[in-house]
Amino acid sequence: MYKRNAVMTGIAATYLLLASTAMAAEPVEKNRTAGQTTDDTALLSKIKSALVNDEQVKARQVNVEVYQGQVQLLGFVDSAEQKAAAGRIASNIAGARNVKNNLEVQASDRTAGQAIDDGMITSKVKAALIGDSRTKAHQIDVDTREGVVQLGGFVDSAAAKSAAAEVAQKIDGVRTVQNRLEVR
């Protein structure tokens, strides 16, 4: 148990360091201080660490986005119990408010080929978002399962939200787009 906690602490510290380095490379957003950005990064790290330490939740299936303490959980999990547990864990972290549990339950087993196809779709959507001047790809989380693309995160405008869905829908292999982006 000690070894696992040490590893989780190391992962969390590394994540926090990488996130703060990335923040330094990006200009601070309008109406948002460096302190607020740091607080969100610390909250994100705490939530991810708690998810990793939970035996019921498969943390790799849960993407977490945080903006001014608001939390979004995104991705595809295997059961309603995992979805509920992830929401409960995030809600119990100090500083988390207004947790939106956008996790989708999809219990079907995927073959290795299906997982690779979904990964390719995710990569194509991310590349298309980068190439589209209407979107800021770094603000958008993309996850795919069985051709269903889930978009999440916090964007600057309703136009950017609509553009992201439009871009994703045009990618070959996308069956449907779940646009869970929130306008800040």
Identify the residue in region 123-180 that is touching a Lys or Arg at 6+ places or on another chain (Cβ under 9 Å) and basic (Lys, Arg) and, among all such residues, is farthest from residue 72 (Cα to Cα). 145
Between 63, 98, 92, which is among the polar types (S, T, N, Q), within 26 Å of residue 38 (Cα to Cα), surrounded by fewer than 13 Cβ atoms within 10 Å (Cβ to Cβ) and at pLDDT below 95? 98
Taking region 95-104 and keeping only residues that are part of a loop (DSSP other than H, G, I, E, B) and either free of Cβ contacts under 8 Å to residues at least 24 places away in the same chain or not hydrophobic (A, V, I, L, M, F, W, C) (or both), one is left with 95, 102
Any pair with Cβ under 6 angstrom, 6 or more apart, that starts in region 157-184 at a residue that is at positive phi and ends at one that is surrounded by fewer than 19 Cβ atoms within 10 Å (Cβ to Cβ) and part of a helix (DSSP H, G or I): none
Between 176, 111, 122, which is surrounded by fewer than 16 Cβ atoms within 10 Å (Cβ to Cβ) and at pLDDT 95 or above? 176
Only one of 128, 115, 107, 86 that is free of Cβ contacts under 8 Å to residues at least 40 places away in the same chain, assigned to a helix (DSSP H, G or I) and over 15 Å from the mean Cα position of the chain (by Cα): 115
So in region 60-75, with the set limited to residues that are part of a strand (DSSP E or B) and free of Cβ contacts under 8 Å to residues at least 60 places away in the same chain, which one is nearest to the chain's Cα centre (by Cα)? 64
Does region 132-139 contain any residue that is part of a loop (DSSP other than H, G, I, E, B), touching a strand residue (DSSP E or B) at 6+ places or on another chain (Cβ under 9 Å) and within 18 Å of residue 82 (Cβ to Cβ)? no
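The values are calculated or read from the model by the stated rules, or taken from the named source; none is laboratory data. Predicted, not measured: the structure shown is a model, and the values here were computed from it. Note that each Cβ is placed from the backbone with ideal geometry, even for glycine, and that neighbours are counted across all protein chains shown.
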